[in-house]
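Let me begin by presenting the structure, written as structure tokens, before commenting on it.
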Amino acid sequence: MLKKRSLESILRRIRPIKKIREYAERAKKQVYIVGGILRDILLEREIRDIDIVVSGKGEDFARALGKSFHLKKDMDEYRVMMDNFTIDVMGLGTTEILDDLARRDYTINAMAYNLLDKRFIDPFNGVKDLENGVIKAIGRKNIVEDKIRILRGLRFRAEFEFEIEDKTVSLLKEYANGLEACAAERLHTELILIFSQENSRLAIIPEIFDIIFPGFLQMKNVEGGKVTENLLEHSILTLNMLESIIKDLSLFGKYQRKIEGYLKNKRIELKLASLLHDIKKPDTMEVKGNEVHFYGHDKLASEWIDKRLKELKFSYSERGFISLLIENHMWIHLLATQKELTERAKRRMVFRLGEDVIGLSLITIADQMASCGGEDKHLINVCNEIVKYYFTSKDEVEKPLLQGKDLIEHFDMEPGPAFGRILTRVQNAYEEGEIRTKEEAFRFIREEILEGLDRNEEGNNMD
């Protein structure tokens, strides 16, 4: 971690800071660098945004820096884009900098640096907490005023790999119910930020996630696998395993680079699916003698998560992908119990899921590792075969075997409602491996569909 005395030399090298300081000197304004930029400089992290607080009105200062726009209604807060930095400017009005810092969320974000007199201000010992890797709330009132800060605390835990002090954990749990009243858009934003972290599992405090995903805590009442006491621990461990696999995709051999490309825009949704894949097991649990069953938990969870994510303002495609993975998360497990993995089975899966056989394979391996504590070589081989089949056969499998024009040209049929039904039956047969070529498809239509229609017509005429 960087020493405080090095701050000035770092700030001097940031071009927008130089411009801000020059204008502050001309305008004779007290200007403070605050919040995340100081934290990130001290942690030697990349700097993306600059937050400044100025004495008096922020609007005038922001306009002097460049083209600005109002950030929050009824607040003197403005945003300026400069040299690829986002600069947020807020006016202190009649208050002092210490008042501003006292209203912030966590001690590590409640530091300021006066650009004119080069004075570092740290009333809540934020530097000490950074050094100790601790996330500490400034006070109860700060959390009560804006409950979304609860999720921010969890995000910081994952982002910096810090510990949340016990008193703060209790405070966050105490007011977690208030998340229900937060705008769905804000909840969505924080969830995306949490699951975009490399170690998002560190953000999971079950009592808090249960408010966002009702039923999450109930998984604690279902027995876990060989390495976890309960299903809740298993679900969090599945996320943990998935994050480990994503960091090292070497088990997929030569397809590693292609899978990295697939993950570029799928990571967040994949993590959510891994965490929530078993959330409906408590609702479907049946005990028969010495056996426990969870019939239909996958489909029920898929339907439930689609509805919940819609409420949380996730997009149609995001919801669809997560629901798809959850509904099918048992598929590869079941295939792995068969004597052999047939081409028909691989074709069917690739046709149904397309590129998302990759995501399903990743979740399947993570789920198995969280259940047994180690790698199942056979299951990994099955996943590798499916992934290989996708990359080598996707063009053939994903392309419809027949189109409407084929029916017109080959059978002299006229377009109509029957077209869709015939093409669907053909595609289903193709997917199941009953037919493989166009010629076989034409014979299938002749023998299984058209002759059946003729027999029905003859029967109707006899009536």
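Every number here is computed from the coordinates shown, using simple stated rules; none is lab data. Keep in mind the model is a prediction, meaning the values are calculated, not measured. Don't worry about glycine lacking a Cβ; one is built from the backbone with ideal geometry, like all the others, and counts go over all protein chains shown.
Give the percent of DSSP beta bridges with both residues in the chain that are antiparallel, rounded to the nearest 5.
On the way: 25 of 33 bridges.
Antiparallel bridges make up about 75 percent of those DSSP assigns within the chain.
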Report task. Give, in nm to one decimal, the length gained when the segment between ASN125 and LEU249 is fully stretched (0.36 nm per residue of separation minus the Cα-Cα distance). Result -> 40.5 nm
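With a Förster radius of 51 Å, plug the Cβ-Cβ distance of ILE408 and LYS141 into 1/(1 + (r/R0)^6) and report the FRET value to the nearest 0.05.
Working: r = 73 Å, r/R0 = 1.43.
Calculated value: 0.10.
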Query - Cα-projected label distance for ARG63 with ARG352, points at 7 Å along beta-carbon direction, nm - result: 6.2
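Given the Cα-Cα distance of ILE10 and THR95 and 0.36 nm per residue of separation, how much length would full extension add, in nm?
Details: separation 85, 0.36 × 85 = 30.60 nm, distance 2.84 nm.
Full extension of this stretch gives 27.8 nm more.
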Query raised in the report: What spacing in nm lies between the two simple spin-label points modelled at LYS264 and ARG425, each 7 Å away from Cα in the Cβ direction?
Result: 4.3
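Given a Förster radius of 41 Å and the C-beta distance between SER393 and LEU116 as r, what FRET efficiency does 1/(1 + (r/R0)^6) yield to the nearest 0.05?
0.05
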Query raised in the report: Just one of (i) -0.65, -0.98, -1.32; (ii) -0.55, -0.83, -1.16; (iii) -0.77, -0.98, -1.18 is log10 I(q)/I(0) by the Debye sum over Cα atoms at q = 0.09, 0.11, 0.13 Å⁻¹ as worked out from the coordinates here. Which one is it?
Result: (iii)
**Report entry** In segment 311-458, lysine pairs closer than 27 Å at Cα, eight or more apart or cross-chain
**Finding:** 16
Requested in this report: Return the whole-Å distance between the Cα centroid of segment 43-119 and the Cα centroid of segment 122-197.
Outcome: 21
Requested in this report: For every helix of n ≥ 4 consecutive DSSP H residues, a contribution of -39,500 (n - 2.57) applies; sum these over the chain, divide by its total residues, and give [θ] at 222 nm rounded to the nearest 500 deg cm²/dmol.
Outcome: -16500 deg cm²/dmol
